[in-house]
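The values are calculated or read from the model by the stated rules, or taken from the named source; none is laboratory data. Quick caveat: nothing in here was measured; it's all calculated off a predicted structure. Reconstructed Cβ throughout: ideal geometry from the backbone, glycine too, with neighbour counts over all protein chains shown. The accessibility values were calculated without ligands, DNA or RNA, using every heavy atom of the protein model including side chains. Shrake-Rupley method; radii C 1.70, N 1.55, O 1.52, S 1.80 Å.
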Amino acid sequence: MNEHYEVLVIGGGIIGHSISYYLNKSGVPAIVVEKHTSARKSTRAAAGMLGVHTENKTSGIYHQFCMTSRDLYQDLSKELSELTAIDIGLSLVGMIEIAVDHGQKNELLSKKTSFPNLEWLEGQQLRDRIPHLKYALGALYMKEDGHVEPTNVCEAFKKAALSYGGELVENNTVLGIEKKDGVFTIKSENGLLTAEKVVVASGADSGWWFESTGLKNPMVPTKGECFSIKPRKNYFKEALFLNNFYIVPKPDGRYIVGATSKPNDQSVTTTAGGLSSLMNQVFSIFPDLKEESFQDYWSGIRPGSTDGFPIIGEHPTLSGFFFATGHYRNGILLAPATGKMIKDLIVNRGVHYQSFQDMFSPNRFQIQGGTLYEYLR
Ligand SMILES: Cc1cc2nc3c(=O)[nH]c(=O)nc-3n(C[C@H](O)[C@H](O)[C@H](O)COP(=O)(O)OP(=O)(O)OC[C@H]3O[C@@H](n4cnc5c(N)ncnc54)[C@H](O)[C@@H]3O)c2cc1C
């Protein structure tokens, strides 16, 4: 391990490793420092949906960012597989958002007016396509969306970054940072490192880095619980999405069912109540799945933010200090565009991203007259 780096990234989830991949690929040496091992926190819990149209009601800058990121996955799938021999499990088989009441139907029809590329399926058309679905008024078919295998993507970004000369230190917590004479000194459990630039990609644990640099803490860690079943046959191939749950059929035959949403709950338990609420909803419209074998359950903490949008960009007053966090329930979808955006900002190609920069800027959490701590911890 060297002691001085061009860029030090705090956090080895999908966001940190994506940033490292794009930086190292562009010839900017970057190191990721991870508290535990990579892809263990939120990234491991995710279902991996690339839900561009489930996550947006209307078109706009956020929708554009989501689309840009989803589309990056197509080339990445090939590139990462060539570099690392890892299959990221890209499956662009479409997603179906279902309406079970008139309110939901009206919302989906209004969404269709924003996105003419989506197809409306009437109740009978939907049941012809998915015969085991007990009840639905209709659905929006989003044929360009799909899903990936989140831990594979993270592992592939990690290995590809290393193949471009990047570095990774695991089992080492970053404890604090000091900036002197234009250089950051990073205090870690295993000693001091220095870097020209620092990127905070520490997921739900990012709040402290805002507070300690004089900003409002915008993080809303939000627990999500999931389970999986392994059906004996294929009931459908598209990911199904409803108001309060989703079912994602994976290429290996698992169906992932998620997810509860518990803001400000950072406990690691998966509760019986959480799972039973998901099961009740799923089985009410898909009773046949009750007979299929239960496989696993888990939970994770989503890195939510107070306004629901990611925070990607440079600190308003501490130059060279960047944030890439707050991706809430879309960090898998947004990892490629986030990694690329941070890389472009660092190599000074920010202009291309002006609208994204404005929307995701950490400036929105400035405290009027806030103090910048001299020594951050
Ligand atoms: C149940 C569930 C389902 C989800 N489903 C989807 C989905 O279908 N599609 C989608 O796009 N998104 C989904 N998400 C959201 C997605 O998982 C997250 O947005 C994404 O994983 C965030 O990645 P990250 O790298 O920022 O955070 P993490 O994966 O949490 O990684 C952050 C890393 O930082 C490390 N760290 C923290 N502090 C320090 C420190 N001081 N020093 C060193 N390391 C540190 C942590 O150990 C951790 O490894 C889901 C999330 C959950 C919980």
| said: For the structure I just gave you, tell me whether Ile285 is over 20 Å from Val199 (Cα atoms), open to solvent by less than 30 Å² (accessible area, probe 1.4 Å) and more than 13 Å from the ligand (Cβ to nearest atom). | reply: yes
| Pairs, please: C-beta under 6 Å, at least 6 apart or cross-chain, first residue closer than 24 Å to His36 by Cβ and touching a residue at least 60 places away in the same chain (Cβ under 8 Å) and in the range 178-197, second of a type outside the set (Lys, Arg) and assigned to a loop (DSSP other than H, G, I, E, B)? | Ser188/Asn172; Leu193/Glu3; Lys197/Gly320
| message | Show the residue pairs meeting these rules: Cβ distance below 6 Å; 6+ apart or different chains; first residue within the range 42-54 and within 6 Å of the ligand (Cβ to nearest atom); second residue part of a helix (DSSP H, G or I). | response | Ser42/Gly203; Thr43/Ile14; Thr43/Pro150; Thr43/Cys154; Ala46/Pro150; Ala46/Ile332; Gly48/Pro150; Gly48/Ile332
| query | Could we say that Val52 is modelled with pLDDT under 95 and within 21 Å of Glu238 (Cβ to Cβ) here? | reply | no
| remark: Condition set without any contact (Cβ under 8 Å) to a residue 40 or more places away in the chain and more than 14 Å from the ligand (Cβ to nearest atom), scope the range 220-272, selection nearest to Lys143 (Cα to Cα): answer is Asn234
| Under the condition of being over 14 Å from His36 (Cβ atoms) and either open to solvent by 10 Å² or more (accessible area, probe 1.4 Å) or part of a loop (DSSP other than H, G, I, E, B) (or both), which residue from the range 6-17 is farthest from the ligand (Cβ to nearest atom)? | Glu6
| query | Residues of the range 308-319 being open to solvent by 10 Å² or more (accessible area, probe 1.4 Å) and within 15 Å of the ligand (Cβ to nearest atom), which ones? | reply | Gly308, Phe309
